[in-house]
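Encoded as structure tokens, the structure appears first; notes follow it.
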Amino acid sequence: GAPPAPPPGGGWDVPTTAPAMPQQEGYVIAGVGARVVAWLIDVTISGIAPAVLAFLVVDWSGIIRQALEQAQLDPSGQLSAQAYTIPVTLDYILVTLIGIAVQFLYFVGFWTSRWRATPGMIGLKMRVVDERTGGTLSVTQATKRWIALGWPLGILVLVPALQSIQGLLQFGLTVFLFFTTVTNDRRQGLHDKWANSLVIRSVTSGNGATFVGCLVWGVIVILLIFVVSTVFLAAAMPYFEEYIRQNPQLTN
């Protein structure tokens, strides 16, 4: 018959097997290259609405005028290097907070949707899933992942003394997360570890899809740069011309 059960508190418990990585038929661990391309696409797409809102609400002509007024000429007649700060107005605060909210809804919303992926990830046939079950991330998991990726750092632009380092902090965090991702055998960066998430990719999506994704992102960026540059020059040119007239030594 079966051996008698050990008395309470005595003997050794039978060791349990460690939970296996969730398997989804036709999916493998996503590579870092494809994830970077999807991330670039998503950052670009999710930034369009906040950028349009900022253009419509924020007084950029006033900001440009103030920046030119702050510019100082050194004794040699050259513009001195100086960090400019954007005035923190009520409009600027609202646009910043709305922009962060849009980013939150975009990423957390898509990660917890039935697709389990953002548009950039969908294009490359990737998903972000719970590392233990392979199921959809909870809102809490998705929120933790979003926070760990550094999106809340955008609020630092509302502090004039921190505006100049906000971008540097975001860049440093991104590099750190990239390093923790490429050095992990399951490609789980610190953000994935904290959220207990795992990024997987369809076996039918190869390097060709990643290359196409790069092209798509490049086209989007080129179009955005053209539109933004045109609008910026149209708004700023009168102030640049006036500034040059007041400082003729700049053209010498």
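Below are the figures for this structure:
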item: Charge sum, other residues only, whose C-beta stays under 9 Å from residue 117's C-beta, Lys/Arg counted +1 and Asp/Glu -1; result: +3
item: Packing-based ranking, highest mean first, of 182-191, 146-155 given that Cβ atoms within 10 Å are counted; result: 146-155, 182-191
item: Prolate/oblate/rounded call for the range 97-216, Cα gyration tensor, a/c under 1.5 rounded; result: prolate
item: Virtual spin-label span in nm between residue 229 and residue 55, 7 Å along Cα→Cβ; result: 1.5
item: Contour excess over end-to-end distance, with Cα ends at residue 185 and residue 171 and 0.36 nm allotted per residue; result: 2.7 nm
item: Fully extended contour minus Cα-Cα distance, from residue 162 to residue 36, at 0.36 nm per residue; result: 42.6 nm
item: Alpha-carbon spread of the range 188-229, three principal axes, descending order, Å; result: 41, 27, 10
item: Local electrostatic count at residue 29 - Lys and Arg +1, Asp and Glu -1, tallied over other residues with Cβ under 9 Å; result: +2
item: Projected label distance in nm at residue 216 and residue 43, using a 7 Å step from Cα toward the beta-carbon; result: 1.8
item: The range 224-229 - phi-based ³J(HN,Hα) in whole Hz, Karplus 6.51/-1.76/1.60, Gly and Pro as x; result: 5, 4, 4, 5, 5, 4
item: Inter-label distance, nm, simple model (7 Å from Cα along the C-beta direction), residue 101/residue 86; result: 1.8
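Every number in this text was worked out from the coordinates using simple rules, so none of it is lab data. Just so you know, these numbers come straight off a predicted model, no measurement behind them. A quick note on method: Cβ atoms are made from the backbone with ideal geometry, for glycine too, and the neighbour counts reach across all protein chains shown.
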